[in-house]
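Notes to accompany the following structure.
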Amino acid sequence: MSSKKKMTPEERIKELQEKGEVFPASNDYIYKCIMTKCFFFKADMTYQITGISKDLILKTYYEKNTEFVVSNALERGKRSDILFGIEGYVINYELNNRYSLALIQRNDNYLDKIKIDISNKNYTYNNMPKAIQINLNNFNHLNKKNVKEVFKSRDKNGVVENVKWEKYHLSFLQVYKKYKKGLELTKLEKEILILRLRKIEEIDKLAEGDVELMEGCALKRLSLDINTVGFYDEAEEMEKMMNSLKEEGEMLGEKKGIKKGIKQGIKQGANNEKKSIAKSMLAKNMDVPLISELTGLSKKQITMLM
């Protein structure tokens, strides 16, 4: 079976222009370009999500991870997270395209690393910056009803135990659902949506008259940049994700198989014990109907033991 020919960056750009489309920023590479370069867009989104003063963000912002730089299509192997600081906070943005337990665990581990890094600095426990992870999800597993969900460390009574970290989960799909129904969107929902849309006409209409959203429209320019397009390989990303999901599915299947085997073993053991008791009863010349009533075995099963 012949595979589809891989398009060159030039062919990709031409195809986009003909369709009036962009590469959506729900793609990891395009997303990182925007979140690295569009400062006011990122600052306003952070304010809309966390409630941290936008003035504080703009005045005290500093980069904590500058590894991701779009300069050459040959540097596609570089990957990094969006990580920056503002006074009193360290903020980590994560883009999650497919739900998996491995992905959630990876993000939890990264948040833990940030917290450990903070605790190793020269802070007291009282003036330690707060670690916040913001997850933009292309799935609804953690956002069944709301666009935004907040996760904190809570005790069994629901009381927040640790105020020095929290996680946010926001759903592209929840926002897109509202958009397709023609419902009114908040500023945050528009900022999330603009990362999801493909049609240039829709993007321009959504961003019209809004400074931060218009800056977020940089994805139009990025989609026509041959170096940026060189970063984007949807087929390769999909293959990696599908392999990961397959691997996870096999692991879950193996665990289910073990659990099923244990249950079957317990059931079989209980059945053997009933038969052993039935044999003892038969040896004492007890009636088959009575043995059946006491053990739960059928009359046929009991007579086969004679």
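Count of region 13-31 residues, restricted to those that are more than 12 Å from Leu197 (Cβ to Cβ) and assigned to a strand (DSSP E or B), is 0.
Checking each residue in region 151-167 for being in contact with a strand residue (DSSP E or B) (Cβ under 9 Å, 6 or more places away or on another chain), open to solvent by less than 60 Å² (accessible area, probe 1.4 Å) and either β-branched (Val, Ile, Thr) or over 18 Å from Asp108 (Cβ atoms) (or both) picks out Asp155, Val160. Just name the residue that is modelled with the highest pLDDT out of those in region 211-235 that are open to solvent by 60 Å² or more (accessible area, probe 1.4 Å) and among the β-branched types (Val, Ile, Thr). Ranking the candidates gives Val211 first.
Looking only at residues in region 180-196 that are assigned to a loop (DSSP other than H, G, I, E, B) and either under 23 Å from Arg221 (Cβ atoms) or of a type in the set (Ser, Thr, Tyr) (or both), the one that is least open to solvent (accessible area, probe 1.4 Å) is Leu195.
Conditions (1) open to solvent by less than 50 Å² (accessible area, probe 1.4 Å); (2) farther than 18 Å from Phe41 by Cα; (3) of a type outside the set (Asp, Glu), marked per residue:
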{"position": "Met128", "(1), (2), (3)": "yes, yes, yes"}
{"position": "His141", "(1), (2), (3)": "no, yes, yes"}
{"position": "Asn146", "(1), (2), (3)": "no, yes, yes"}
{"position": "His169", "(1), (2), (3)": "yes, yes, yes"}
{"position": "Asp204", "(1), (2), (3)": "no, no, no"}
{"position": "Gly209", "(1), (2), (3)": "no, no, yes"}
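Might you check whether a residue that is closer than 16 Å to Tyr31 by Cα and modelled with pLDDT of 65 or more occurs anywhere in region 200-209? Yes; the residues of region 200-209 include at least one that is closer than 16 Å to Tyr31 by Cα and modelled with pLDDT of 65 or more. Listed here are the strands (runs of 3 or more DSSP E) enclosed by region 121-175 that have at least 3 residues being in contact (Cβ under 8 Å) with a residue 40 or more places away in the chain and under 19 Å from Ile57 (Cβ atoms): 130-137, 160-171.
Residues are listed down the side, and each one gets a yes or a no for (1) open to solvent by less than 30 Å² (accessible area, probe 1.4 Å); (2) at pLDDT 90 or above; (3) not β-branched (Val, Ile, Thr):
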site: Thr60; (1), (2), (3): no, yes, no
site: Lys78; (1), (2), (3): no, no, yes
site: Gly85; (1), (2), (3): yes, yes, yes
site: Arg98; (1), (2), (3): no, no, yes
site: Ile116; (1), (2), (3): no, no, no
site: Tyr123; (1), (2), (3): no, no, yes
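Please indicate, with yes or no, whether at least one residue in region 130-142 is farther than 28 Å from Ile30 by Cα and not small (Gly, Ala, Ser). Checked against the condition, which is being farther than 28 Å from Ile30 by Cα and not small (Gly, Ala, Ser), region 130-142 yields no hits at all.
The values are calculated or read from the model by the stated rules, or taken from the named source; none is laboratory data. None of these values were measured; they are calculated from a predicted model. All Cβ positions, even for glycine, are placed from backbone atoms using ideal geometry, and neighbour counts span all protein chains on display. Ligands, DNA and RNA are stripped out before the accessible areas are found, and what is left, the full protein with its side chains, is counted by its heavy atoms. Shrake-Rupley method; radii C 1.70, N 1.55, O 1.52, S 1.80 Å.
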